[in-house]
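*Asks:* Attaching a single structure in structure tokens format; questions to follow.
The values are calculated or read from the model by the stated rules, or taken from the named source; none is laboratory data. Note that the coordinates shown come from a computational prediction; the quantities given were computed from them, not determined experimentally. We place every Cβ from the backbone using ideal geometry, glycine too, and count neighbours over all the protein chains shown. Side chains included, ligands, DNA and RNA excluded: accessible areas come from the protein's heavy atoms. Shrake-Rupley method; radii C 1.70, N 1.55, O 1.52, S 1.80 Å.
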Amino acid sequence: KGELLKLITYLARNKAMEMLSEEGVLKRRKKLEQLNTVYQYIEMHYTEAITNCELAQLVHLSEGRFCHIFKESAGAAPQQYINEIRLHKAMKLLKQDALTATEVAEAVGFMDYNNFGRMFRKYYGYTPLEARKKTHVGGKAQQ
């Protein structure tokens, strides 16, 4: 009887853990689906001023809850993620050599060139002008 009771207890615990695990997976999947809307919105509007409140409203969450879920998903706070998107886009534009560094900053949504320069240097380890020089040799872009 004792061994049978242990077996039943073991099976019941495993089934309960399995159900909790499946529920957790479903919750995470739902959160990710909600955030896909946010990621798409950021990709389409990164050149504009975007607030955490605005993003939270897209997915019908409080700002605090949204920031927590977003950071858990993206590994960065929403504003940090947006700035990283802007910096990646800026690097692409700098490689094209069609715009000045100031124009690139404005084109990707930075309103203050000094802030853009500081963030760019912190993220890449060199200034936007140095980035342009690195990608161009003799007037031709490197591949």
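*Asks:* Considering only region 77-98, I want to know if a residue exists there that is touching a Lys or Arg at 6+ places or on another chain (Cβ under 7 Å) and within 16 Å of Ala131 (Cβ to Cβ). Reasoning before the result, please.
*Replies:* Pass one, region 77-98, residues touching a Lys or Arg at 6+ places or on another chain (Cβ under 7 Å): 77, 94, 97.
From what is left, the residues that are within 16 Å of Ala131 (Cβ to Cβ) are 94, 97.
Yes.
*Asks:* Separate question: Cβ contacts < 8 Å: first residue surrounded by 13 or more Cβ atoms within 10 Å (Cβ to Cβ), restricted to region 56-68; second residue assigned to a loop (DSSP other than H, G, I, E, B), any location; separation 6+ or different chain. Result?
*Replies:* Cβ pairs passing all conditions: Ala56/Ser62; Phe66/Val59; Cys67/Ala77.
*Asks:* Another one. Among (1) over 28 Å from Asn36 (Cβ atoms); (2) open to solvent by less than 80 Å² (accessible area, probe 1.4 Å); (3) not acidic (Asp, Glu), there is one condition Arg86 misses while meeting the rest; what is its number?
*Replies:* That leaves (1) as the condition not met.
*Asks:* Which count do you get for residues in region 23-55 that are open to solvent by 100 Å² or more (accessible area, probe 1.4 Å) and either more than 28 Å from Pro78 (Cα to Cα) or modelled with pLDDT of 85 or more (or both)? Outline the logic, then answer.
*Replies:* Step one: list which residues in region 23-55 are open to solvent by 100 Å² or more (accessible area, probe 1.4 Å), which gives 26-30, 33, 40, 44.
Narrowing the set further to residues that are either more than 28 Å from Pro78 (Cα to Cα) or modelled with pLDDT of 85 or more (or both) leaves 40, 44.
Adding up the residues that qualify gives 2.
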